[in-house]
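Engineer: Pasting a structure below so you can have a look.
The values are calculated or read from the model by the stated rules, or taken from the named source; none is laboratory data. Values in this document were obtained by computation on a predicted structure and should not be read as measured data. Cβ sites come from the backbone with ideal geometry, for glycine too, and all protein chains shown count toward neighbours. Side chains are part of the model used for accessible areas, which takes the heavy atoms of the whole protein and leaves out ligands, DNA and RNA. Shrake-Rupley method; radii C 1.70, N 1.55, O 1.52, S 1.80 Å.
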Amino acid sequence: MERQSVLILCNGYSQPLYSGISKALEEVNIDAMVFTQLDEFETYVSDSGAVQRTYAAIVENGLEVRNQRNYTPDIIRALRMQYQLKAPIFISTYDKKKTFQPNNNKFAFLKDSYYHRLLRMPLTDPDWKNDFLDLEPMTDLRLKDVQITLFNSEGLVGEMLHELKNELISCDGSDDVIRGLINKYFARIIQIDHIDNDELETIKSNVFNKINDVVKKGQLHKLANMIDAFKDDIIHLLPSKDSIANQHKKERKKWKLIYLEDNEVIREEFKNKLDGVGIDCMDFSNGKEAFEVLRGDEGKNKIILVVADIRIYEPSEIQHWDEEWSDYQGYDLFEKANKELKGAVMGFVALTSGRARLIKLMKDERLNIHRYLKQHVWGSDEELGYFLDAISALGDKLYFKSRCRPKSTPWIKANTRFFQPLSYFYRDHLQQIDYAEAEEEINVQAKRIISLCRKRNLDKEEFSFMGTIKQKGEKNLERFREMILVGRRVALGLYYLETQDTEEIYRLMVVPDSGEEVSRSARKMLFNTTLGLSFKKDLPAFQQIRDKQYLSSGLLEEEVRFLHEDVKVLDYNELMMHKDATHDLQELIFLLEDTSYSIRKLGVNAIGEKEKNILDTNFSKINNIKKGLDEFRKISKIVSMLPGDAKKIIKRQLDFSCSEEINSRNIKKEINHIIEGGF
């Protein structure tokens, strides 16, 4: 195993001193490398394994680089943000006062004093080397916390306000003390990213007046929420950032999402990012509270997405245990919402480090959960931007489905023919794993029946649209699809292609053309009571079609697509607010990630460095099926190198995932061909 090293970056004129430090560290069996040129240093840490081999770093304070007198904080920021260094960093300095004043936000990372330490120069203490013994790297979560809070302008604002709250709660409440504390922390805030001083002064004045009023009334419990209310106003003064995650500023969405996450820092950061793309987020650390809010939204359908970390912790009451599993895990929230909130149209998005815990829930409940690996979502601003795009598109799609729906009575409440509203059956249809496959079959069936009806050749005994669903049963969803969803599309297709005479449509669908008049009550029973379809109220008017205002119609989104693709009267491409990422591409990415994980677990000793580098690929960046299949071919070659038992296990996993989760027959066929040929 290669020995780990301490990296040292210093000014050229300081090299003799730091070469001496390097030799002293070698006396306690710690290797050290000294750099005086930034380009050489960056080249070294850019190497794929260099950061992992780094045991600690020493960066000289007052580093003179690129015409900048003190480049030290920028170097440390790059090590944490760009190179993802988890090792402790020492800032060597002769300056004991001025540079490290609290209002110098460039050195805010010193708040995390274990991983960011001052190395006081000159090194007169003979035991200084002991500080370099038994160092531990940061955890992934600690690194993310540091990145979000101490190297991020918005995070620094939150940190300053948090400290202000703590001091205010413990102060004596006098005007002078309150004003002094507010001046102290706002003086630090103004140093962050060139905030406009005049506007900040106005906010500071408002903060003082509000705090003074709260303290005098003895309502200290209101302090935290009151100060938090000003946070967005301050953040609004920050200069705009160029990161991808902040380039998605859009108008406010009409829908909301719930976010379940036990880490407060990550919750706050994600909520801010969602706010940046116009999405209102209600965040929770407790799944039970999240569910109660969801229950309160039932029938209103403002909450469209539930995004949850799969593993949720809470403080433990057991001595020596810091935390324990919460009663409500992320998957519990998904399951409970799916089972009990039948009147809601919502999507479930899981953030997880693995997918194993979701498989049983998805299989048992036939529940469609959109899954994302946490390390990819939070891997970089670019990857976070991709995730925000996916969330935005999914929410828009589901919001459309929740609003573009029939308004006839059977869709709103139960009647003599259906034990629950048709909208409840429709919601179950949307949530099923086989949704896309079922939709394809519904359209094929509807087109076939329309064709037979137009030829006056439909066997009315074979196809019946007049059934009932009066009690719970396993076949209910199947009956809803075959009777209601197919029946509605047949009626709509005949209306646009054949005739707008509802009596004639009834004859074509239900009874032979005997020439006898069909009663109004019979037509109402079919179209209004059974199919929940009103040709007068539900269909988009000519002006709505012209202006593409389909949301004001009473058609399902799938029916709009059907009429666009098969009847050619509605322009579906103009209808959607965003193009949806294809389901199969996402599932192919999941296959690659799962297979890569299984190879590492079952047979990593059987492969070489080249193959390991392939397994390190960030598959989430694949943007088309062809590239995904190319990567799958590479992975299959690696699997072929594994021992027989490992190969069988992975093949069994792939066979199941491919058959259950890939919709396109062509893609399934290609994947199976690769599996058979490579294994």
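Engineer: Just to be sure I understand, how many residues within the stretch 623-644 are assigned to a loop (DSSP other than H, G, I, E, B) and under 18 Å from Glu611 (Cβ atoms)?
Structural biologist: Summing the residues that are assigned to a loop (DSSP other than H, G, I, E, B) and under 18 Å from Glu611 (Cβ atoms) in the stretch 623-644 gives 4.
Engineer: Scan the stretch 448-466 and report the pairs whose first residue is closer than 24 Å to Thr529 by Cβ and whose second residue is among the small types (Gly, Ala, Ser), with Cβ atoms within less than 7 Å and a gap of 6+ or a chain change.
Structural biologist: Pairs found: Ile450/Gly493; Phe465/Gly487.
Engineer: Could you tell me which residue of the stretch 514-548 is nearest to Tyr426 (Cα to Cα), considering only residues that are modelled with pLDDT under 80 and open to solvent by less than 30 Å² (accessible area, probe 1.4 Å)?
Structural biologist: Looking at the filtered set, the residue picked out is Leu539.
Engineer: Considering only the stretch 483-511, state which residues are in contact (Cβ under 8 Å) with a residue 40 or more places away in the chain, part of a helix (DSSP H, G or I) and open to solvent by 20 Å² or more (accessible area, probe 1.4 Å).
Structural biologist: Tyr495, Tyr496, Leu497 - these are the residues of the stretch 483-511 that are in contact (Cβ under 8 Å) with a residue 40 or more places away in the chain, part of a helix (DSSP H, G or I) and open to solvent by 20 Å² or more (accessible area, probe 1.4 Å).
Engineer: A further question on this structure: Quick check, is Lys612 more than 19 Å from Ser657 (Cα to Cα) and either open to solvent by 20 Å² or more (accessible area, probe 1.4 Å) or at pLDDT 80 or above (or both)? Outline the logic, then answer.
Structural biologist: Numbers: more than 19 Å from Ser657 (Cα to Cα): yes; either open to solvent by 20 Å² or more (accessible area, probe 1.4 Å) or at pLDDT 80 or above (or both): yes.
So Lys612 fits the description; yes.
Engineer: State yes or no: is Pro122 surrounded by 14 or more Cβ atoms within 10 Å (Cβ to Cβ), more than 23 Å from the chain's Cα centre (by Cα) and assigned to a loop (DSSP other than H, G, I, E, B)?
Structural biologist: no
Engineer: Still on this model: How many residues, within the stretch 470-482, are open to solvent by 40 Å² or more (accessible area, probe 1.4 Å), at pLDDT 85 or above and among the basic types (Lys, Arg)?
Structural biologist: 3
Engineer: Taking the residues in the stretch 325-348 that are at pLDDT 75 or above, in contact with a Gly (Cβ under 8 Å, 6 or more places away or on another chain) and not aromatic (Phe, Trp, Tyr) as candidates, determine which candidate is most open to solvent (accessible area, probe 1.4 Å).
Structural biologist: Going through the qualifying residues, I end up with Asp327.
Engineer: While we're here: Could you go through the stretch 631-650 and let me know if any residue there is under 26 Å from the mean Cα position of the chain (by Cα) and surrounded by fewer than 18 Cβ atoms within 10 Å (Cβ to Cβ).
Structural biologist: Within the stretch 631-650 (the criterion being under 26 Å from the mean Cα position of the chain (by Cα) and surrounded by fewer than 18 Cβ atoms within 10 Å (Cβ to Cβ)), the answer is no, since none of the residues qualifies.
Engineer: In the stretch 130-144, which residue that is within 17 Å of Lys111 (Cα to Cα) and of a type in the set (A, V, I, L, M, F, W, C) is most open to solvent (accessible area, probe 1.4 Å)?
Structural biologist: Taking the candidates together, the pick is Leu141.
Engineer: Another one. Can you pull out the residues in the stretch 587-609 that are open to solvent by less than 50 Å² (accessible area, probe 1.4 Å) and of a type in the set (A, V, I, L, M, F, W, C)?
Structural biologist: Within the stretch 587-609, Leu588, Ile589, Phe590, Leu591, Leu592, Ile599, Val604, Ala606, Ile607 qualify.
Engineer: Something else: Looking at (1) in a strand (DSSP E or B); (2) aliphatic (A, V, I, L, M); (3) modelled with pLDDT of 85 or more, which is the only condition Leu351 fails?
Structural biologist: (3)
Engineer: Continuing with the same structure: For residues in the stretch 276-321 being of a type in the set (Val, Ile, Thr) and open to solvent by 20 Å² or more (accessible area, probe 1.4 Å), which is modelled with the highest pLDDT?
Structural biologist: Val293
Engineer: What residue, among those in the stretch 189-205 that are open to solvent by less than 70 Å² (accessible area, probe 1.4 Å) and modelled with pLDDT of 80 or more, is nearest to Asn105 (Cα to Cα)?
Structural biologist: Ile189
Engineer: Restricting the stretch 167-182 to residues that are in a helix (DSSP H, G or I) and open to solvent by 80 Å² or more (accessible area, probe 1.4 Å), which is farthest from Gln147 (Cα to Cα)?
Structural biologist: Asp176
Engineer: Something else now. Can you name the number of the only condition in (1) closer than 22 Å to Asn368 by Cα; (2) modelled with pLDDT of 85 or more; (3) open to solvent by less than 60 Å² (accessible area, probe 1.4 Å) that Lys256 fails?
Structural biologist: Unmet for Lys256, out of (1) closer than 22 Å to Asn368 by Cα; (2) modelled with pLDDT of 85 or more; (3) open to solvent by less than 60 Å² (accessible area, probe 1.4 Å): (3).
Engineer: Additional query: Out of the stretch 135-166, which residues are modelled with pLDDT under 85 and in a loop (DSSP other than H, G, I, E, B)?
Structural biologist: Of everything in the stretch 135-166, those that are modelled with pLDDT under 85 and in a loop (DSSP other than H, G, I, E, B) turn out to be Phe151, Asn152.
Engineer: Considering only residues of the stretch 36-71 that are touching a Leu at 6+ places or on another chain (Cβ under 6 Å) and more than 12 Å from Ile8 (Cα to Cα), which is modelled with the lowest pLDDT?
Structural biologist: Selected residue: Val65.
Engineer: Sticking with this one: Give the residue that is modelled with the highest pLDDT, with candidates limited to residues of the stretch 4-35 that are open to solvent by 60 Å² or more (accessible area, probe 1.4 Å) and in contact with a helix residue (DSSP H, G or I) (Cβ under 8 Å, 6 or more places away or on another chain). Walk me through how you get there before you give the answer.
Structural biologist: Initial filter on the stretch 4-35 (open to solvent by 60 Å² or more (accessible area, probe 1.4 Å)): 4, 13, 15-17, 23, 26-27, 29, 33.
Then drop every residue that is not in contact with a helix residue (DSSP H, G or I) (Cβ under 8 Å, 6 or more places away or on another chain), which leaves 4, 27, 33.
Working: Gln4: 75, Glu27: 86, Met33: 91.
If we take residues in the stretch 4-35 being open to solvent by 60 Å² or more (accessible area, probe 1.4 Å) and in contact with a helix residue (DSSP H, G or I) (Cβ under 8 Å, 6 or more places away or on another chain), then Met33 is modelled with the highest pLDDT.
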